[in-house]
Structure formats: structure tokens, C-alpha cells
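Take a look at the structure set out below.
The values are calculated or read from the model by the stated rules, or taken from the named source; none is laboratory data. Just so it is clear, the structure is predicted and the values come from calculations on it, not from any experiment. Don't worry about glycine lacking a Cβ; one is built from the backbone with ideal geometry, like all the others, and counts go over all protein chains shown. To get the accessible areas, we keep the full protein, side chains included, count just its heavy atoms, and leave off ligands, DNA and RNA. Shrake-Rupley method; radii C 1.70, N 1.55, O 1.52, S 1.80 Å.
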Amino acid sequence: MTEPEWTPTLGPTAIMLAQYDECPLHCIFCRPKHSRLPDDVEDRLLEGIREAVAMRGQRPCRLVCCNGEIFHLLKVRPKFRALLDGLPAMDPPVRLTFLSSGQLLDQWSDWVLERSDGFSISLDSLDEDLHQRLRGISSLRIQRAMRTLVRKAGTRGNPKVSINAILMRSNIREMDAFVAFAAEIGVRILQWSPLRPGRDTAFYEAEHIPTDSDEYQLVQANLARLKPFALANGVRIYGFRFEPSTGPEAHCPTRTDIFCDNPWEKAFIHRDGKVTVCCGLNQSIGNLLEHPFSECWNSEKAVAIRHDLFEHKYKWCKWNLCQNAALFAKPKGA
């Protein structure tokens, strides 16, 4: 394998905006603060995003808005909205993907459909009382808005619409209902994520599904049964890796014929200016409040991470958060 560039001249092909501003919701997962970014901080973040986009060269690029409630930002952050407005007209165009709780989806669906080619909506329960307790918003309202979005998407180039649900002890018996709902409204992708540690430790400990629990066995049994049923109804099921009970060292990769290209292709931009290259690698390669994006992208830390991953040294990685851990551990040809 030819050694890739440790200091690439081109920037990322996927730019993830991770917590660009505080989410206004009262989700039990994190209990966010109601703070606002100072204007000078926002200007620096926006400049970093623009530079990251410009570094793509003539390659396709995707900007992924990962906030819990992205539409809150479109409402209160006109500079941010102006930036997103201009991306589809660039040459080559920058594709937009939105991840949202869907709270304001009924107000912003037309705006989203005109500018994006992908949309993922967080829906953690079809039960009204449970979803209200988890997210602080109405499940029925989101379901109605999703039906409208999917119907409109069918007449506007059909952007991809998916459902993202966090699996926990309270809702694991709704897996059948999630598949049925997705098939009913025409959503083709259903993605389940394990509950991640948040700010509410008591909630996490009560709802987390460890890999040695009876609930985990129930999840695995349901997945084996539901995947064929879902595919027969046009729905694909994806899932993140559950946290191992034996520690990350038991899940180190064994393949040496492939390597992770995230440090060459992805950049995560956080509200505090921190830049990372993976959601499962909490190592900052620089800060946009202190340096331009190009310097962060080719910092000493970025070079070290790229070099080590190419040499199959994964000391930077947190395997319980890695979406590709199962792939790296899978024997060649299996």
C-alpha cells in the first residue's frame, strides 16, 4: 500500500458540525445549558467552516449538521443560515445533510428539502409519554412532521430520509413498531444507536444496555429476526457498536489489509472551536479560535494520528464508540 500524505493539501470531504451551538431542548441525555455563542466566536467558526469547504478542491464534499435541533440555529443564527444557503450553489456543490430532533421540522421542512440531500430524524419512542420524558417534545408531532417530509421529498428529488433511534431499556420492545412505522411512511433507513454516557449519570446507568445483559441478548435476537422483515418492506437497518463489557482491549483490530481513512476525509468542528477527525477519537488536532483550519488540519497531532493509523496503531481510538470496529476486527474474507 502506498503511503498516503501525512499533510494532505486537500481538506476533508465530510465536515461535521458537532454542537455548533447549544441545543435548546431538555433531552434527558445531556440536559444542555441555555448559552449562546458570542458573535466573535461564531465568526471564527464560520471562517473555519468556509476554509474547510474551500480546501476540498474539485472533490465532492458533504456538510453534516449534527445538532440536536438544527432549526433552532437557522432561526437564531442568520450568519449560519446564510452560509448554508450558499453551499448548494458552489462548484462543485457542497451537499448538506441534517441530523435533527425534528422539533421544528414542521416549520422548516421546505427549507431543508430545497437545500439538502439527506435528513436523519431522532425518534426514540413511538409512545407519547416515554418520548416526552426522554426528549421533552411530542412524539406525535414529530411523526406527523415526518409523514409530511417524506411525502414532499417524493416530489423534490427524493432526498434520503432516515430515522435515528437510541436503543435503551425503556424502548427495546418497540423495535418491531419502529420498523413498521418506517415502512408505513416510506422511510428506507432505520439506524439504532446504543445510549452513550451523557451528563445525567443516573439516567445512563438505569437505561444503558451492556453487552453482557439480558436486554442485549434481546436486542441481538430481535435484530436477527427484524432485518429480513425490514428488507422485505424496503427498510434497511443499521446499528452502532454496543459498548463491550470486557474493555476496549478485547476488540482491537486484527486486520492489516485496510486502514481507517477518517483522518484524511473527515473533520468535526465543535462549538468551542475544537477540531477532531472522528466521533470516536476525542483528540483535538487544533482549535479554530486559535488557528486557521488549514493549520489545524495539518498540525503535529493530525500528522501523528494519520501516521499511526496507517501503521495499524490505534492507540488514539475508543473502540466502544467506533462505528467501524466490527469491520476492522473481522478476518479478511470472512
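Odds and ends about this structure:
Yes or no, residue by residue, for (1) outside any helix (DSSP H, G or I); (2) at pLDDT 70 or above; (3) under 22 Å from Leu99 (Cα atoms):
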{"position": "Trp6", "(1), (2), (3)": "yes, yes, no"}
{"position": "Leu10", "(1), (2), (3)": "yes, yes, no"}
{"position": "Cys27", "(1), (2), (3)": "yes, yes, yes"}
{"position": "Leu37", "(1), (2), (3)": "yes, yes, yes"}
{"position": "Val41", "(1), (2), (3)": "no, yes, no"}
{"position": "Arg50", "(1), (2), (3)": "no, yes, yes"}
{"position": "Asn67", "(1), (2), (3)": "yes, no, yes"}
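Per-residue answers, yes or no, for (1) hydroxyl-bearing (Ser, Thr, Tyr); (2) at pLDDT below 90; (3) open to solvent by less than 40 Å² (accessible area, probe 1.4 Å):
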| position | (1), (2), (3) |
| --- | --- |
| Val235 | no, no, yes |
| Tyr238 | yes, yes, no |
| Ser245 | yes, yes, no |
| Pro248 | no, yes, no |
| Cys260 | no, yes, yes |
| Cys278 | no, yes, yes |
| Gly286 | no, no, yes |
| Leu309 | no, yes, yes |
| Ala334 | no, yes, no |
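- Being in a loop (DSSP other than H, G, I, E, B), surrounded by 15 or more Cβ atoms within 10 Å (Cβ to Cβ) and at pLDDT 90 or above is not true of Val179.
- Inter-residue pairs, beta-carbon under 9 Å, first in a loop (DSSP other than H, G, I, E, B) and in the range 270-286, second acidic (Asp, Glu) and open to solvent by less than 10 Å² (accessible area, probe 1.4 Å), 6+ apart: Arg271/Asp21
- Residue list for the range 81-133, restricted to those being assigned to a loop (DSSP other than H, G, I, E, B) and open to solvent by 60 Å² or more (accessible area, probe 1.4 Å): Met90, Asp91, Pro93, Asp127
- Residues within the range 135-149 that are surrounded by fewer than 21 Cβ atoms within 10 Å (Cβ to Cβ) and touching a strand residue (DSSP E or B) at 6+ places or on another chain (Cβ under 7 Å), tallied: 0
Yes/no matrix, rows are residues, columns are (1) of a type in the set (Ser, Thr, Tyr); (2) open to solvent by 30 Å² or more (accessible area, probe 1.4 Å); (3) over 23 Å from the mean Cα position of the chain (by Cα); (4) at pLDDT below 85:
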residue: Arg225; (1), (2), (3), (4): no, yes, yes, no
residue: Pro263; (1), (2), (3), (4): no, no, no, no
residue: Lys274; (1), (2), (3), (4): no, yes, no, no
residue: Asn282; (1), (2), (3), (4): no, yes, no, yes
residue: Ala326; (1), (2), (3), (4): no, yes, no, yes
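- Any pair with Cβ under 9 angstrom, 6 or more apart, that starts in the range 291-308 at a residue that is among the charged types (D, E, K, R) and ends at one that is open to solvent by 40 Å² or more (accessible area, probe 1.4 Å): Lys301/Gln283; Lys301/Ser284; Arg306/Glu5; Arg306/Trp6; Arg306/Thr7; Asp308/Lys315; Asp308/Trp316
- Yes/no for Leu63 being part of a strand (DSSP E or B), at pLDDT 80 or above and at negative phi: yes
- Residue ID - farthest from Trp111 (Cα to Cα), chosen from residues in the range 46-63 that are within 19 Å of the chain's Cα centre (by Cα) and open to solvent by less than 10 Å² (accessible area, probe 1.4 Å): Ala52
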